[in-house]
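A quick write-up on the structure given underneath.
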Amino acid sequence: MCGIVGYTGNEAAAPILLDGLSKLEYRGYDSAGIAVFDPESRETAVVRAPGRLLNLVQKTDGGAAVPGNCGIGHTRWATHGEPTEANAHPHHSAGDLVIGAHNGIIENYQELKQKLLRHDYTFYSDTDTEVAVNLVDYYYKKYNIGPIDAIAKAMVRIRGTYALALMFRDYPGEIWVARKDSPLIIGLTDDAALLASDVPAILKYTRTVYYIDNLEMARLTPGHVTFYDLNGDAVEKESTEITWDAEAAEKGGYEHFMLKEIHEQPKAVRDTLGCYIHDNVIDLSATGLTEEFMRSLERLYIIGCGSAYHVGAAGKYIIEDLADIPVETDLASEFRYRNPRFAKNSLMIVISQSGETADTLAALRMAKERGVPVLAVVNVVGSSIARECDYCMYTYAGPEIAVATTKAYSAQLVSIYMLAVRLGRLRGVLDEETYAADIAEMTALPDKMERVLEDKERIQWFASKFANAHDIFFVGRGADYAISLEGSLKMKEISYIHSEAYAAGELKHGTISLVEDGTLVIGVLTQKDLLEKTVSNMTECRARGAYLMGLTSYGNYFVEDSDDFTIYVPKAEEHFIGSLAIIPLQLLGYYTGVARGVDVDKPRNLAKSVTVE
Ligand code: F6R
């Protein structure tokens with residue numbers, strides 16, 4: 001959701017900015033722009049273009065038409081105003097003294113705009129960013145102070161979220177940044193400084209990065225960065241070395257990032273399990289959780305958005321069953337605005353790939369304010385959620401570029417399995433033998449996932465057959481319902497086919513009225529005590545004209561008596577089989593999207609990291 005980049009050094013800035021923006025395309029955007037200071041003319045050129053980044057690349061001749069060694073760039077995901085050239089970033093203050101790009105939302109921008117209008121400022125765009133840039137300009141001029149003090153004064157007045165990159169006419173070759181609740185990292189080389197919303201944008205140039213904290217600012221000059229707190233005092237910071245290689249953020253021969261990431265799932269799961277299972281024992285000490293604390297827990301709240309919420313939905317069934325602890329699962333966007341009655345001895349588990357999702361972060365903060373400790377299951381190292389939680393269980397999925405999550409979801413799911421089994425053993429629900437068997441089952445998952453991936457041609461064929469479907473229903477009971485939720489989300493977000501997931505028992509209570517001749521109903525059928533009931537519900541749909549696809553494990557061949565097309569996954573322990581069942585559904589969504597000509601890595605209207613409400 002919006003991408004921001006910056007560069008100051010000895011090289012031509014524009015091609016680096018354009019390259020960085022291309023690495024952030026996955027975040028979702030609908031216009032783009034760059035601003036580059038030209039030391040010859042002493043002017044800063046701002047070039048912006050609506051639509052794809054390619055338009056900006058063409059308009060700037062790949063950057064060659066915009067000379068200079070210092071600049072900022074932005075991909076905008078429209079919030080305030082249409083995705084037009086006028087609204088695209090960077091924006092300049094009235095008089096061009098300050099130029100800036102911004103991710104986030106300034107909530108009180110109308111109030112600030114009124115104030116600036118009273119001081120004769122004029123505006124050319126609908127954006128909150130133009131207001132922020134002018135506010136900095138206003139303080140800079142009014143108090144005749146330096147950039148840091150002017151930005152700090154603006155930060156005190158601004159309500160909302162921002163990663164802000166600014167250039168001042170009086171400070172050529174320098175970039176000034178500020179951050180609150182929107183991701184921003186700074187990278188350094190010997191002779192350059194870079195900034196970006198995410199690591200892939202700068203990985204080609206450096207692995208040495210700094211995480212700027214909330215309400216902090218920084219000044220970037222070639223090869224240097226200085227951090228400041230809100231008082232304008234310099235702050236010392238340690239750098240972090242990025243360990244994943246640049247190839248991890250490239251397509252590596254696959255047609256799409258999504259397909260590559262689907263195939264990376266066995267590795268993501270193996271790496272995540274490998275981090276917490278040593279010598280056949282689950283060891284969660286790296287998360288900070290102690291055995292005493294885990295034993296004391298009486299209630300869990302699992303919170304997330306989208307697919308992360310679906311992991312929580314599966315987690316409820318699995319943890320309640322294996323660890324005998326009541327679990328409440330909720331959407332972060334709902335949870336943060338209700339008034340939950342937290343039970344004593346409870347733990348909130350927030351799940352997030354990006355670690356920056358605004359609603360999830362807000363739910364985390366609410367729990368902490370109310371004295372409830374928070375465990376984060378998170379993929380991005382150093383993200384806001386990773387830094388603000390009390391306990392951190394990193395997933396090891398590596399960088400996920402496709403907007404639709406696959407490998408991060410799978411890594412999250414196995415993290416929840418490990419948590420469930422560890423809690424179950426500590427609380428005496430699982431005996432030593434079952435505990436050992438569960439660990440063996442989990443450890444066997446990556447190889448079985450590889451076998452599921454080998455069967456992808458059949459799914460590709462099936463996807464082409466239903467590529468023109470109008471509605472697709474996914475049904476299941478218990479943990480199968482949780483997998484259906486995720487399968488349905490994959491289908492709708494990347495194929496644009498209307499799709500819903502229903503608890504199979506709910507069909508009769510309304511939804512079955514939507515079933516007509518040819519409607520595709522997909523049943524997830526892995527839970528042995530429940531699958532026959534789901535098959536009956538599917539048969540009722542068939543009586544109304546539905547075409548049935550069953551997804552089950554080898555051995556359940558009787559499913560073929562009732563459905564029209566069956567997909568099998570290897571047998572696995574029922575609590576963990578969701579990790580296998582989800583793969584055919586991800587592939588189905590993917591191949592359906594491809595068959596329909598959708599840009600599956602960047603589906604319309606979606607952003608990878610939802611950093612605003
Ligand atoms: C769907 C998808 C989203 C995310 C959701 C939460 O494919 O990717 O539903 O799961 O936006 O994002 P994170 O995990 O970054 O908090």
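Nothing in this text is a laboratory measurement; each read-out follows from the coordinates by a stated rule. None of the values given here were measured: they were computed from a predicted structure. Cβ sites come from the backbone with ideal geometry, for glycine too, and all protein chains shown count toward neighbours.
Here are some notes:
- Folded to 0 to 90 degrees: helix 531-542 orientation relative to the chain principal axis, Cα: 80
- Relative to the 2.2 N^0.38 Å rule of thumb, segment 287-378 has a C-alpha radius of gyration ratio of 0.99.
- Prolate/oblate/rounded call for segment 149-286, Cα gyration tensor, a/c under 1.5 rounded: prolate
- Under the criterion of Cα pairs below 8 Å and six or more residues apart, the relative contact order for segment 251-443 equals 29 percent.
- Pairs of alpha carbons in segment 3-243 separated by more than 27 Å make up 25% of all such pairs.
- Only Cα pairs under 8 Å and 6+ residues apart enter the sum, and on that basis the relative contact order of segment 3-243 stands at 20 percent.
- Distribution of pairwise C-alpha distances over segment 512-613, 10 Å bins, in %: 14, 36, 31, 18, 2
- Each pair of Cα atoms in the chain enters the Kirkwood radius, and Stokes-Einstein at 25 °C and 0.890 mPa s then converts it into a translational diffusion coefficient of 97 µm²/s.
- Nearest-ten-degree value, helix 306-323 long axis tilted from longest Cα axis of the chain: 40
- Other-chain or far-sequence residues with amide H under 5 Å of Val475's (modelled H): Tyr502, Ile522, Gly523, Val524
- Percent antiparallel among DSSP beta bridges (both partners in the chain, rounded to 5): 60
- Gyration tensor (alpha-carbon) shape descriptor, segment 251-443, a/c threshold 1.5: oblate
- Relative contact order, percent, the chain [alpha-carbon distance under 8 Å, six or more residues apart]: 12
- Each of the peptides 504-513, 603-612, 346-355, 263-272 was scored by the mean count of other Cβ atoms within 10 Å over its residues; in descending order, highest first, they stand as 346-355, 263-272, 603-612, 504-513.
- Residue-averaged 222 nm ellipticity for the chain, from DSSP H runs of 4+ at -39500 (n - 2.57), nearest 500: -11000 deg cm²/dmol
- Equivalent ellipsoid of segment 450-598: semi-axes from √(5λ) of the C-alpha gyration tensor, largest first, are 20, 19, 13 Å.
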